[in-house]
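The values are calculated or read from the model by the stated rules, or taken from the named source; none is laboratory data. It should be emphasised that the depicted structure is a prediction, and the values quoted were computed from it without experimental measurement. When we count neighbours, we look across all protein chains shown, and the Cβ atoms used for this are built from the backbone with ideal geometry, even at glycine.
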Amino acid sequence: MKPQTISRPINILLAEDSPTDVMLTREALAHAKVLNILHVVENGVEAIEFLRREGPYAGVPRPDLVLLDLNMPRKNGHEVLAEIKADDRLKTIPIVILTTSRNESDLMKAYGSHANCYIAKPVDFEAFAEVVRSIENFWFTVVALPPAA
């Protein structure tokens, strides 16, 4: 199957509680090759509400990709990932774990819960920006994504 060319803006949900990492991700995506719209939530409860389009997120677009931090308040990334992959309406959305954790148990647990990708965040801005650009390039240029449900 040949990767599809997406002619509309790509919707990305970033679930991240660090304002610095949000800013870095926003900056890196601003220079991306693909037009994208970044939606940001600060904790796991908001991530699930956004994905299910509940409460203040009624009417938001379904994300084409989720960038998910593991270490978030209210509901951690592992819990969010498990809920997404257990929901027939959400489980086909690609989930990229983007976290500071280099812990092997976090990596194994994430892949065991069907994360599509696990990336440990670099601390250097240029390296972080390159990681975000690589994510964008891979998921929106190389990979054929499932159609929105």
Quiz item: Which of the residues spanning the stretch 27-63 are surrounded by fewer than 16 Cβ atoms within 10 Å (Cβ to Cβ), modelled with pLDDT under 90 and out of contact with any strand residue (DSSP E or B) (no Cβ under 6 Å at 6 or more places or on another chain)?
Solution: E27, A30, H31, K33, L35
Self-check item: Positions within the stretch 78-106 being among the charged types (D, E, K, R) and not in a loop (DSSP other than H, G, I, E, B), in sequence order
Solution: E79, E83, K85, E104, D106
Self-check item: Neighbours by Cβ (under 8 Å, 6+ apart or cross-chain): first from the stretch 34-52, in contact (Cβ under 8 Å) with a residue 24 or more places away in the chain and farther than 15 Å from K91 by Cα; second of a type in the set (F, W, Y) and part of a helix (DSSP H, G or I)
Solution: V34/F140; N36/F140; H39/F50; V41/F50; E46/Y57
Quiz item: If you take the residues in the stretch 119-142 that are crowded, with 16+ Cβ neighbours inside 10 Å and not aliphatic (A, V, I, L, M), which one is nearest to D69 (Cα to Cα)?
Solution: K121
Exercise. Would you point out which residue out of L98, L145 is surrounded by 13 or more Cβ atoms within 10 Å (Cβ to Cβ), under 15 Å from N76 (Cα atoms) and under 16 Å from the mean Cα position of the chain (by Cα)?
Key: L98
Quiz item: Mind checking whether some residue in the stretch 82-90 is among the basic types (K, R), more than 20 Å from L38 (Cα to Cα) and in contact with a helix residue (DSSP H, G or I) (Cβ under 7 Å, 6 or more places away or on another chain)?
Solution: no
Quiz item: Looking at the stretch 68-77, is at least one residue under 12 Å from the mean Cα position of the chain (by Cα), surrounded by 13 or more Cβ atoms within 10 Å (Cβ to Cβ), outside any helix (DSSP H, G or I) and not acidic (D, E)?
Solution: yes
